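Written out below as structure tokens is the structure these notes cover.
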Amino acid sequence: MDLIYYPNPLLRKKNRDLTPDDGNLPEKIRQMFEIMYRNKGVGLAAPQVGWNVRLFIANPEGGGAEREKVFVNPRIVSSSGSVSEAEGCLSFPGLYITVNRGLEVDVEYRDADFKTHRETFNGFMARIVQHEYDHLEGILMIHRISQAEKVRNKRLLDELEERYAS
Ligand code: CO
């Protein structure tokens with residue numbers, strides 16, 4: 001399991017729901033947290049490690065087991081408010097763009113034991129949840145970027161495309 005980068009097509013593939021029969025879930029989740037921490041991230045979606053399932057992990061502190069969250073088959077039930085802030089993505093090293101997101105989101109999800117939860121998130125955690133949820137829908141930062149920001153970041157995006165091609 002390894003981090004993959006834009007424009008790897010696995011980031012755009014359809015992601016299937018997980019079932020309790022999916023083997024080795026705890027081990028795979030542990031590996032994902034390791035990859036996320038090693039790369040100094042606060043969220044990581046399964047397709048970013050080439051695994052096309054509806055799962056993402058988050059830790060707004062960037063470390064420490066007590067703030068770790070696992071979202072299996074999540075669904076954003078509702079969203080309210082809006083806020084524009086800069087964000088990055090481990091699959092786009094070096095890219096930081098301003099993205100408009102809901103201020104508060106209501107999410108239904110299962111944990112690693114397939115227990116169902118419904119929880120409201122706001123602030124930074126709401127931003128992480130919406131960013132990672134986008135990954136499960138095959139939506140990347142490049143799809144949230146304004147034309148002006150695309151022009152401003154063209155060199156970096158070209159570099160990522162060249163690196164993938166070679
Ligand atoms: Co991302």
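Regarding S82, is this residue in contact with a Gly (Cβ under 9 Å, 6 or more places away or on another chain) and of a type in the set (S, T, N, Q)? So S82 fits the description; yes. Considering region 17-75, and only residues there that are touching a Leu at 6+ places or on another chain (Cβ under 8 Å), within 16 Å of the ligand (Cβ to nearest atom) and open to solvent by 20 Å² or more (accessible area, probe 1.4 Å), the residue that is farthest from M1 (Cα to Cα) turns out to be R54. For S91, the stated conditions hold: it is touching a residue at least 40 places away in the same chain (Cβ under 8 Å), in contact with a Leu (Cβ under 9 Å, 6 or more places away or on another chain) and closer than 30 Å to S166 by Cα. The residues on offer are E149, E162, E104, and the sole one that is charged (D, E, K, R), at pLDDT 95 or above and surrounded by 12 or more Cβ atoms within 10 Å (Cβ to Cβ) is E104. Would you check which residues across region 110-138 are more than 12 Å from the ligand (Cβ to nearest atom), of a type in the set (K, R) and surrounded by 13 or more Cβ atoms within 10 Å (Cβ to Cβ) and list them? Within region 110-138, R110 is the sole residue that qualifies. Filtering region 76-109 to residues that are more than 14 Å from the ligand (Cβ to nearest atom) and among the small types (G, A, S) leaves S78, S79, S80, G81, S82, S84, G102.
Here is a yes/no grid of residues against (1) within 17 Å of G43 (Cβ to Cβ); (2) touching a Gly at 6+ places or on another chain (Cβ under 6 Å); (3) among the polar types (S, T, N, Q):
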residue: I97; (1), (2), (3): yes, no, no
residue: V105; (1), (2), (3): yes, no, no
residue: A112; (1), (2), (3): yes, no, no
residue: T120; (1), (2), (3): no, no, yes
residue: I145; (1), (2), (3): no, no, no
residue: N153; (1), (2), (3): no, no, yes
residue: E159; (1), (2), (3): no, no, no
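Here are G62, G81: which of them is over 24 Å from T116 (Cα atoms) and in contact with an Asp or Glu (Cβ under 7 Å, 6 or more places away or on another chain)?
G81
Contact annotation: residue pairs with Cβ atoms under 8 Å, 6 or more positions apart or on different chains, pairing a residue in region 36-65 that is at pLDDT below 95 with a partner that is open to solvent by less than 40 Å² (accessible area, probe 1.4 Å) and not in a helix (DSSP H, G or I), are G62/G41.
The values are calculated or read from the model by the stated rules, or taken from the named source; none is laboratory data. Model, not experiment: these values are computed from the prediction. So basically every Cβ, Gly included, is an ideal-geometry build from the backbone, and we count neighbours across all protein chains shown. Just so you know, the surface numbers come from the protein's heavy atoms only, side chains and all, with ligands and any DNA or RNA stripped out. Shrake-Rupley method; radii C 1.70, N 1.55, O 1.52, S 1.80 Å.
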